[in-house]
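The values are calculated or read from the model by the stated rules, or taken from the named source; none is laboratory data. Predicted model, so just to flag it, every value in this text is computed and none were measured. Neighbour counts run over all protein chains shown; Cβ positions are idealised from the backbone, glycine included. All accessible areas refer to the heavy atoms of the entire protein, side chains included, with ligands and DNA or RNA removed. Shrake-Rupley method; radii C 1.70, N 1.55, O 1.52, S 1.80 Å.
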Amino acid sequence: MFSRNDVSIWSILKKCIGMELSKIAMPVIFNEPLSFLQRLTEYMEHTYLIHQANTTTDSMERMKCVAAFAVSAVASQWERTGKPFNPLLGETYELIREDLGFRWMSEQVSHHPPVSAFHAEGLQEDFLFHGSIYPKLKFWGKSVEAEPKGIISLELPKYNEAYTWTNPTCCVHNIIVGQLWIEQYGNVEVINHKTGERCSLLFKPCGLFGKDLHKVEGYILDKSKKKLCAIYGKWTECLYTVDADTFDAHKKSDKKNSEEKKSNKQVQYDTSVDEEPEEMPLPDGDTVQFIPGSELIWRIAPRPDNSAEFYAFSTFAMQLNELEEGMKGVLPPTDCRLRPDIRHMEKGDMDSASAEKKRVEEKQRLSRKNRSKSTEEWKTRWFHQGTNPHNKAQDWLYSNSYWDRNYSLLPDIY
């Protein structure tokens, strides 16, 4: 990683308070050497949870695995304060992981607004995972908030089931001064469209004293909204499941204890003020408080020892831009691995990365200008707009032909 200390982000950002950030050209120093299409692929790091869901005949047990997968999919955001490169229109990315049992492909299907569509399938035809994400970025003075609009669907053909959910909001704090830190918050509801069961999860905002930093909790409910079990943990660490009554009793006694502590101190804080903590709050100890009788459903894979020097990448992330021998001549010319600015940055050549980023962005602007003159419409190659079959929302659907490897008519975007 390069040190970002010599660059004032404020000089760039003061012009754009409240603006939509996707329209602002940021210096390459604030990036990480991956495209947003590659970053999305990190949803797949804990694919074993999908395989686990397929092995159980109990729909509640499957929901536990799918809910854990939904949380694990955003776990790679932890401490990732570098911004991925904005994909160019028509950019694609593929990943085949035989060891994890899936293949994935994605395409940048729209530039304004920026929309990335993806489609993954199990190599044994045992699942489909697909969706489209439009990361709406807002700058709030001290923080940048990314709200990932779009639906995510998982299909398990063996049980004829489909699950859908949306991701929580991600926020990067202290972007002007101080140490950058990340939190995710908001409600995530995973719905099983066949059984009507749902898992309703709350990613908790950290709060003024940081006691809820990274916490996730919620319940699996049956179709009549009866609690079947509780799920709790931290998206940066692990998730447990426990009987709902046990969980409620634990929360009650926890609340009572903290209220007693407060009244002993005789200090009245005005907690109605929605203040943003200055420094990254340190959680009480680094572990999730275990409730007796709980069962572990997911634990994050440890990061490599030198991760902090390499953009806080996980091992999975470090492998994403690898251009292996067998890929040359097979990959389409639009694959992120062939994108010159990201490759230069990975090699540590920031000047070339910056120059190439300007060049490819200018090339994109020019071809958009030429299209508008000739009334020629941009055609997406691997996805088309349609209706999500499960919740009837607007979505981008996979057109099925990517893996035929016929890439003769692709645009020259780099």
> Limited to the stretch 292-312, what total is found for residues that are in contact with a helix residue (DSSP H, G or I) (Cβ under 6 Å, 6 or more places away or on another chain), in a loop (DSSP other than H, G, I, E, B) and either modelled with pLDDT of 95 or more or surrounded by fewer than 18 Cβ atoms within 10 Å (Cβ to Cβ) (or both)?
Replying inline: 2
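Results for (1) among the β-branched types (Val, Ile, Thr); (2) closer than 27 Å to Arg368 by Cα; (3) surrounded by fewer than 16 Cβ atoms within 10 Å (Cβ to Cβ), shown as yes or no for each residue.
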{"site": "Leu100", "(1), (2), (3)": "no, no, no"}
{"site": "Trp104", "(1), (2), (3)": "no, no, no"}
{"site": "Val109", "(1), (2), (3)": "yes, yes, no"}
{"site": "His112", "(1), (2), (3)": "no, yes, yes"}
{"site": "Asp126", "(1), (2), (3)": "no, no, no"}
{"site": "Phe129", "(1), (2), (3)": "no, no, no"}
{"site": "Pro135", "(1), (2), (3)": "no, yes, no"}
> Which ones in the stretch 396-411 are under 27 Å from Ile152 (Cβ atoms), without any contact (Cβ under 8 Å) to a residue 40 or more places away in the chain and either among the polar types (S, T, N, Q) or part of a loop (DSSP other than H, G, I, E, B) (or both)?
Replying inline: Ser399, Asn400, Ser401
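Looking at the stretch 313-326, which of the residues that are within 15 Å of Gly82 (Cβ to Cβ) and assigned to a helix (DSSP H, G or I) is farthest from the chain's Cα centre (by Cα)?
Met318
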> Does the stretch 48-62 include one or more residues that are in contact (Cβ under 8 Å) with a residue 24 or more places away in the chain, buried (at least 21 other Cβ atoms within 10 Å of the Cβ) and in contact with a strand residue (DSSP E or B) (Cβ under 6 Å, 6 or more places away or on another chain)?
Replying inline: no
>> I'm told Arg103 meets every condition in (1) within 16 Å of Gln385 (Cβ to Cβ); (2) in a strand (DSSP E or B) except one. Can you identify the failing condition by its number?
In response: (1)
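Each row is one residue, and each column tells you yes or no for (1) modelled with pLDDT under 95; (2) open to solvent by 40 Å² or more (accessible area, probe 1.4 Å); (3) assigned to a strand (DSSP E or B).
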position: Lys158; (1), (2), (3): no, yes, no
position: Cys170; (1), (2), (3): yes, no, yes
position: Ile176; (1), (2), (3): yes, yes, no
position: Gln179; (1), (2), (3): yes, yes, no
position: Glu183; (1), (2), (3): yes, no, yes
position: Glu189; (1), (2), (3): no, yes, yes
position: Leu202; (1), (2), (3): no, yes, yes
position: Leu213; (1), (2), (3): yes, no, no
position: Lys225; (1), (2), (3): no, yes, no
> Leu95 is checked against (1) over 22 Å from Lys234 (Cβ atoms); (2) part of a helix (DSSP H, G or I); (3) touching a helix residue (DSSP H, G or I) at 6+ places or on another chain (Cβ under 9 Å) and fails just one. What number does that condition carry?
Replying inline: (2)
